[in-house]
Amino acid sequence: MYRYDDFDRAFLEERVAQFRDQVSRRLSGELSEDEFKPLRLMNGLYLQLHAYMLRIAVPYGTLSSAQMRRLAEVARRFDRGYGHFTTRQNIQLNWIRLEDAPDAIAALAEVDMHAIQTSGNCIRNVTADQYAGVAADEIEDPRVWAEIIRQWSTLHPEFTFLPRKFKIAVTGAELDRAAIRVHDIGLRMRRDAAGAVGFEVVVGGGLGRTPLVGKTIREFLPKAQLLAYLEAVLRVYNALGRRDNIYKARIKILVHDVGVETMRAMVEEEFAAVRTEGAIALDPDLVATITGHFAPPAYPPAPEAPAEVAVLEGVDRAFARWRRTNTAPHREPGYVIVNLSLKPAGRPPGDATSAEMEAVADMADRFSLGEIRVAHEQNLVLPHVRQADLPGVWEAAKAIGFATPNIGYLTDIIACPGMDYCALATARSIPVAQRISERFRDLDRLHDIGGLRLNISGCINACGHHHVGHIGLLGVDKNGEEFYQITVGGSAEEETAIGRIIGPAVSSADVVDAVERLVEAYVDLRRPGEPFLDAWRRIGPVPFKERVYAAG
Amino acid sequence: MTLQAVTANRLADGAVVFRTPAGAWSTDVAAAAAVATGEAELLKAAEADAARQIVVGPYLIAVAAGAAGPVPTVHRERIRAYGPSIGLPGAGEG
Ligand code: SF4
């Protein structure tokens, strides 16, 4: 995995020292809150509903076991012993004291971690497919490019004060596991007719108040031209993006307003200019060095499809079920990818305690060559597991409650922190997620329902990606009461779609029943084996709507 | 008659606090000064505390008189005053 070099380390140390100084000047009164706020936000420190919150970047979702242990330690020493993994592959600590924040950040810097680019109108930390480098269907490891973008964007003078925050996601396979069409820029690795590897470039996606699906402006961009092209997109945006209206400042609005053709033409023109300047041709040595950092680990030989696993599957239905839902094919023979579900029934989605983080770090050392991934669905991943170790991993995951066989199922809920933590919220998200996961805790029923994504956001900012849930819930306020608007038909995958509102918002007391009626309608109406979205698209909203609101 | 209190976050640790009748800040909303009139003065005093690095972002909230003291009437402010409505995953961990 990527190892910081001396330059990166020195940079981080400098930032920690700077921040320590800023905090002490704030505490002494030398800096007012207005002066300090942008500085703390540049270091990922927010003031939330109850306290300061520290948002720590996990670049492209990759963590070593040592980093995970350090996160556990920081959460225990400086917070309340748990953290929340977010849809942007970050981890948030909810109870950081301002006085302690410099020490917390210093402790993170010791393991090459930081909270930079997790806030503000900059290029945010780049997200990548959580199976990067190991997925059987991958073309190339997208993290190489995520890291190149990180290095290019971290201190880019032109892009520190963009009209708004800017999010980039990269996926390395045909199958989009990074929700690239709902990012400001989404990159998908692909091959051209001659077999060369490059990117499909998607711009102008995003959720929030105005959800829009990103548009492809380049079918194929050779890898070597990536930064020049991104620079061109950013320049067009920087020049034309609306700074006068925060709700219109995202690139998605620009793309929507000018249209994809015009956007493409403007970017191509700027691209030609950037290339003439020759300023940011990619240094092949740098690319080679970074590629080297992400070279596959030396996999000790492991048997493919070991007999003992098959035997256990034959006798232990629970194991067989877990293996089916929570593992994914690995590119290396004899290995497998294992998902650890952070969605046990009744728990806040994405939360892990310090003890659990340490247990995951131990599992990574024992079973996954010391590596862990964070998925944007708020789960953890052990990327390099020997198939023969599956029974052992299963036992270890069960011991900490992370073996619920629900990856991609209804109870694998994405939920933002909502009003339990977030200062911007209009309603709570977590208790609704907890109640739904309790309602559907019966695994036979859950598996009979099949793949189904339910996402919850506590306000229109849509951090819980409700627009792209097959079922989405958006918390709204109705005369001081929590209500939930239901959308159906969203998808963050290949055919990215924004869900449709199916009717009036339902009360908090009714929302779980309403979801259940909706799910039951699907189960009754589907053809054998028909996935939820297919059924929804075939049947249309009316029968679903009737069922949801029948009892209301 | 609507009562109001002033809340803020304590600068040093971020804790949610309420201004008391004595002009101190308490983490207990029940200890808050609740006024029917003169809320502008109350807020002004709180803003002076913000200028003196004691608290951050003071603002008025609606409260009702409860048996033990003021109780926030708005849902968000109740959660803010009493903490997350859910069990904290790390609870009990050392
Ligand atoms: S969606 Fe709204 S409530 Fe949820 S985390 Fe984002 S800003 Fe907060």
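Using label points projected 7 Å from each Cα along Cα→Cβ, tell me how many nm separate A:Val523 and B:Ala51, to one decimal.
6.3
Can you give the calculated 222 nm mean residue ellipticity of the protein assembly as shown, where each DSSP H run of n ≥ 4 adds -39,500 (n - 2.57) and the sum is split over every residue, rounded to the nearest 500 deg cm²/dmol?
Details: 20 runs with 235 residues, N = 646.
Helix contribution divided over all residues of the protein assembly as shown: -11000 deg cm²/dmol.
Could you tell me what fraction of 2.2 N^0.38 Å the Cα radius of gyration of the range A:282-437 comes to, as a two-decimal ratio? Working shown, then result.
Working: Rg = 17.8 Å, N = 156, 2.2 N^0.38 = 15.0 Å.
So the range A:282-437 has a normalised radius of gyration of 1.19.
Computed FRET efficiency, Cβ-Cβ of A:Val287 and A:Glu308, R0 60 Å: what is it to the nearest 0.05?
Efficiency computed from Cβ-Cβ geometry: 0.90.
Answer rounded, prolate or oblate for the range A:135-293, using the Cα gyration tensor with square roots of eigenvalues a ≥ b ≥ c: rounded when a/c is under 1.5, else prolate when a/b is larger than b/c, else oblate.
Working: a/c = 1.62, a/b = 1.33, b/c = 1.22.
Prolate.
If you find the alpha carbon centre of the range B:31-71 and of the range A:13-56, how far apart are they in angstrom?
Between the Cα centre of the range B:31-71 and that of the range A:13-56, the gap is 25 Å.
Run the Debye formula on the Cα coordinates of the range A:307-399, all scatterers equal and no solvent, and tell me log10 I(q)/I(0) at q = 0.10, 0.16 1/Å.
Here the Debye-derived log intensity ratios amount to -0.24, -0.63.
No solvent, one uniform scatterer per C-alpha: report log10 I(q)/I(0) for the protein assembly as shown via the Debye equation at q = 0.07, 0.09 1/Å, two decimals.
-0.46, -0.77
What accessible area per residue, rounded to a whole number of Å², is obtained for the protein assembly as shown using a probe radius of 1.4 Å? Before the final figure, lay out each step's value.
Details: 24410 Å² over 646 residues.
Here the residues of the protein assembly as shown average 38 Å² of exposed surface.
So for chain B, averaging the separation of alpha carbon pairs under 8 Å that are six or more residues apart and normalising by length, what relative contact order in percent results?
Numbers: 157 pairs, mean separation 28.4, N = 94.
It comes to 30 percent, rounded to a whole number.
Thinking of the range A:414-548 as a set of Cα atoms, what percent of all their pairs are more than 23 Å apart?
Details: 2493 of 9045 pairs.
Value for the range A:414-548 (Cα pairs over 23 Å): 28 percent.
For the range B:3-82, what % of the accessible area comes from carbon and sulfur atoms, probe 1.4 Å?
Numbers: 1980 of 3390 Å².
The nonpolar share, carbon plus sulfur, comes to 58 percent.
With the Cα gyration tensor of chain B giving a ≥ b ≥ c as the square roots of its eigenvalues, does the rule (a/c under 1.5 for rounded; else a/b larger than b/c for prolate; else oblate) give rounded, prolate or oblate? Each step should come with its number before you reach the end.
Working: a/c = 2.26, a/b = 1.29, b/c = 1.75.
It is oblate, given that a/c is not under 1.5 and a/b is not larger than b/c.
Identify all lysines with a Cα-Cα distance to A:Lys252 below 23 Å; exclude those on the same chain that are fewer than 8 residues away in sequence.
A:Lys165, A:Lys167, A:Lys215
Can you compute log10 of I(q)/I(0) for the range A:114-173 with the Debye formula, treating each Cα as one identical point scatterer, at q = 0.14 Å⁻¹?
-0.42
Once R0 is set to 25 Å, what does the formula 1/(1 + (r/R0)^6) return for the Cβ-Cβ distance between A:Glu546 and A:Arg435, expressed as a FRET efficiency to the nearest 0.05? Numbers along the way, then the final one.
Details: r = 24 Å, r/R0 = 0.94.
Once rounded, the FRET efficiency stands at 0.60.
Remind me, what semi-axes does the range A:6-109 give for its equivalent ellipsoid, largest first in whole Å, using sqrt of 5 times each Cα gyration tensor eigenvalue? The partial results should precede the final answer.
On the way: eigenvalues 97, 56, 30 Å².
Square roots of five times the eigenvalues give 22, 17, 12 Å.
Could you sort the residues of the range A:48-81 by number and keep only those whose accessible area is reduced by 10 Å² or more in the all-protein-chain setting relative to the chain alone, 1.4 Å probe?
A:Leu49, A:His50, A:Ala51, A:Tyr52, A:Arg76, A:Arg80, A:Gly81
Interface B/A, total buried accessible area with a 1.4 Å probe, nearest 100 Å²? Before the final figure, lay out each step's value.
On the way: alone 5530 and 21240 Å², together 24410 Å².
That pair hides around 2400 Å² of surface in total.
Label-point separation (nm) for B:Asp13 and A:Ser507, each offset 7 Å from Cα along Cα-to-Cβ?
About 3.9 nm, to one decimal.
Under a point spin-label approximation (7 Å from Cα along Cα-to-Cβ), what is the A:His156-B:Thr73 distance to one decimal in nm?
5.1
How many angstrom lie between the Cα centre of the range A:418-434 and the Cα centre of the range A:339-378?
Here the answer is 22 Å between Cα centres.
Students often forget the sequence filter, so: which lysines lie under 22 Å Cα-Cα from A:Lys343 once same-chain residues fewer than 8 apart are removed?
A:Lys398
Taking N as the number of residues in the range A:153-199, what value does Rg over Cα atoms divided by 2.2 N^0.38 Å take? Don't skip to the end; give the middle numbers.
On the way: Rg = 13.6 Å, N = 47, 2.2 N^0.38 = 9.5 Å.
With N residues counted in the range A:153-199, Rg over 2.2 N^0.38 Å equals 1.43.
Can you run phi through the Karplus equation (6.51, -1.76, 1.60; θ = phi - 60°) for the range A:345-360 and list ³J(HN,Hα) in whole Hz, with x for Gly and Pro?
The phi angles translate into 3, x, 9, x, x, x, 8, 9, 7, 4, 4, 5, 4, 5, 5, 5 Hz.
Under the definition of Cα pairs under 8 Å and six or more residues apart, what whole-number percent is the relative contact order of chain A? Write down the numbers at each step before the final one.
On the way: 1171 pairs, mean separation 67.1, N = 552.
So the answer I get is 12 percent.
For the range A:10-43, which residues drop by 10 square angstrom or more in accessible area between the chain on its own and all protein chains together (1.4 Å probe)?
With the partner chains in place, the range A:10-43 has these residues losing at least 10 Å²: A:Arg26, A:Leu27, A:Gly29, A:Glu33.
Can you give the relative contact order of the range A:110-202 as a percent, counting alpha carbon pairs under 8 Å and 6+ residues apart? Display every interim value, and only then the final one.
Working: 172 pairs, mean separation 25.6, N = 93.
It comes to 28 percent, rounded to a whole number.
Are there cysteines in chain A with no second cysteine's Cβ under 4.7 Å away, and if so, which?
Lone cysteines by the Cβ rule: A:Cys122, A:Cys422, A:Cys459.
Identify the residues of the range B:1-31 with backbone N under 18 Å of a label point that sits 7 angstrom from the Cα of B:Glu41 along the Cα-to-Cβ direction, or state none.
Correct set: B:2-7, B:19-24.
Give me the mean projected area, in nm² to one decimal, of the convex hull enclosing the Cα positions of the range A:391-468. Let's see the in-between values first.
Numbers: hull surface 23.9 nm².
Dividing the Cα hull surface by four gives the mean projection, 6.0 nm².
Roll a 1.4 angstrom probe over the protein heavy atoms and tell me the percent of accessible area of chain A that is carbon or sulfur.
The value for chain A is 52 percent carbon and sulfur by accessible area.
The values are calculated or read from the model by the stated rules, or taken from the named source; none is laboratory data. Everything numeric here is computed off the predicted structure, so don't read it as measured data. Note that we place each Cβ from the backbone using ideal geometry, even for glycine, and neighbour counts take in every protein chain shown. Ligands, DNA and RNA are stripped out before the accessible areas are found, and what is left, the full protein with its side chains, is counted by its heavy atoms. Shrake-Rupley method; radii C 1.70, N 1.55, O 1.52, S 1.80 Å.
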